[in-house]
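Comments concern the structure below.
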Amino acid sequence: MQLTELKEKFTEIYGADGEPNIYRAPGRVNLIGEHTDYNDGLVLPIAIDLTTRALVRRNPKETIRLYSIDLEEGGRIPLGGGISSKKSGCWTDYIGGIIFSLDKEKRNALSGLDILLHSEVPIGSGLSSSAALEMAVASALNTEFELGLEPLELIRLCQNAENEFVGANTGIMDQYVSYFGRENTALLIDTARTSHRYVNLDLASHELLVIDTTVSHTHEGNKYNQRREECEDALNLLKKTDKLVHLSSLSDLSPEDLGYVNSTLPEILANRTRHVVEENQRVKRAAALLAEGKIGKAGELFFASHRSLRDLYEVSCPELDFLVNFARKQGIPGARMTGGGFGGSTIHIVPEGDSDTYLKEAGEAYLAEFGIEAEGFFVSPSNGLKEFTS
Ligand code: GLA
């Protein structure tokens, strides 16, 4: 949607009383390093060229008014008389959660604001539309009310909103890359140190294609939170042994420790641990290979990551597996599920020139197998919030 259209919509909903300010934050695709961020591990995401925009303007009421163009739905968050800690169970909780997570002094600095939201990031596709929404709104609040939040505080605020308020015990990757993403580069994030380094991507005449399964199996119990708990259980059991009493996270283990892990932990927990340890190794190697344009070798790591997520971490599903198997059969360099799993999207490394045909054939095969349309789009590593505002 063009900016002029968005502004018209803003006036239609909130009236003509001055120009709104615009804030935007991108979604992300994780190239490799899945379910490692909450284990103090490594991840290699890119910010993508799809953003969520927040158009905002101060209002004289003690209320934050919200409207989402995509959901055609409004909401209100009253500010006076204490912020409610009650979830409403809908998308406005992401914003309620941000406000709730602010400390008292900063919360008191807020006053009425009208917000219009539009997301280009497909909602529910595993490309972090929620992080893009949170980061756009948090940065609007930070600037409009001069809250003085530093980048990492902003990132953690949004992560907290998800963890403490919405109830999704996610790691830091999505908000972090939405802030620090940069054109043509991936971000190698060390989540233990909350630091990153930029990796210049040499895709050697390949494109990055996302194919969204358009299915979500997350309703089948909160399996994401369950995986996180399993990792905590694994860590606690390992720390009870003399050998690993000082272990601070699963990412501190090396591949040489895996024999001991296998003989110490129940099978499922040993599998989860092995995934984390080996995935961290894959991230390091993939970052080096992608910087050198060694796409074939990097792609093999994508396939290996997918197998591990399917067999050891058990967060894949038939739809994701089908698309990755399709990639294998077609002989493209690499593909894997991306994001939390249980539905959502896959990322494929496709040679330029073949990409449209590949996408068409993948879509047809998927439709024939599941009777569902997959959504495909090309993504390129793009700027995050930091680059928009600097
Ligand atoms: C979701 C979470 C991230 C990360 C991934 C899995 O996207 O928001 O923090 O844990 O799943 O890698």
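At a glance:
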item: Virtual spin-label span in nm between GLU387 and SER263, 7 Å along Cα→Cβ; result: 5.0
item: Calculated FRET value between SER88 and SER249, using beta carbons and R₀ = 41 Å, to 0.05; result: 0.75
item: GLU361/ASP233 FRET efficiency (R0 45 Å; Cβ-Cβ; nearest 0.05); result: 0.60
item: Potential lengthening between ASP190 and THR143 on full extension [0.36 nm per residue; Cα-Cα distance subtracted]; result: 14.2 nm
item: Fewest-first sequence of ASP356, ASP321, ASP93 by Cβ atoms within 10 Å of each Cβ; result: ASP356, ASP321, ASP93
item: HN-Hα J in Hz across the range 26-34 - Karplus 6.51, -1.76, 1.60, θ = phi - 60°, x for Gly and Pro; result: x, x, 9, 10, 8, 6, 6, x, 9
item: Surrounding net charge for THR185, when Lys and Arg each add one and Asp and Glu each subtract one, Cβ distance under 12 Å; result: -1
item: The chain, relative contact order [Cα under 8 Å, separation at least 6], %; result: 23
item: Kirkwood-based Rg to Rh ratio, the range 349-390, C-alpha trace; result: 1.22
item: Nonlocal amide H pairs with ASN383, under 5 Å, H built at 1.01 Å; result: GLU183
item: Diffusion constant of the range 203-292 at 37 °C, which comes from Stokes-Einstein with the Kirkwood Cα-pair radius and 0.692 mPa s, µm²/s; result: 213
item: Full-stretch length increase - MET1, GLN330 - with 0.36 nm per residue and alpha-carbon distance subtracted; result: 114.9 nm
item: Percent of Cα pairs exceeding the 25 Å cut-off, where the set is the range 221-341; result: 30
item: Tensor-based shape of the range 3-199 (alpha-carbon gyration tensor, a/c under 1.5 rounded, otherwise prolate or oblate); result: prolate
item: DSSP-defined antiparallel bridges as percent of all bridges, the chain, nearest 5; result: 90
item: The range 43-101, relative contact order in percent, only Cα pairs under 8 angstrom and at least six apart counted; result: 22
item: Amide H contacts under 5 Å for VAL215, placed H, 5+ residues apart; result: GLY344
item: Helix-only [θ]222 nm of the chain, DSSP H runs n ≥ 4, -39500 (n - 2.57) each, per residue, nearest 500; result: -13000 deg cm²/dmol
item: ³J(HN,Hα) computed for each position of the range 3-20 - Karplus, 6.51 cos²θ - 1.76 cosθ + 1.60, integer Hz, glycine/proline x; result: 4, 4, 4, 5, 5, 4, 4, 4, 5, 4, 7, 10, x, 8, 9, x, 5, x
item: Test item: Cα-centred dipole of the chain, Lys/Arg +1 and Asp/Glu -1 on Cβ, debye; result: 800
item: Distance (nanometres) between label positions extended 7 Å along Cα→Cβ at LYS9 and ILE372; result: 2.6
item: Relative contact order, percent, the range 3-199 [alpha-carbon distance under 8 Å, six or more residues apart]; result: 28
item: For the chain, diffusion coefficient by Stokes-Einstein and Kirkwood Rh (Cα), 37 °C, 0.692 mPa s, µm²/s; result: 151
item: Note, ³J(HN,Hα) from phi for the range 174-191, Karplus 6.51, -1.76, 1.60, rounded to Hz, x at Gly and Pro; result: 5, 5, 5, 6, 5, 8, 9, x, 8, 3, 6, 10, 9, 10, 8, 9, 9, 6
item: Cβ-based exposure ranking for THR264, THR273, in which fewest neighbours within 10 Å come first; result: THR264, THR273
item: Relative exposure of HIS35, HIS348, judged by other C-beta atoms within 10 Å (fewest first); result: HIS35, HIS348
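Taken together, the values in this text are just the output of simple stated rules run on the coordinates, not laboratory data. Since this is a predicted model, take the numbers as computed values, not measurements. Cβ sites come from the backbone with ideal geometry, for glycine too, and all protein chains shown count toward neighbours.
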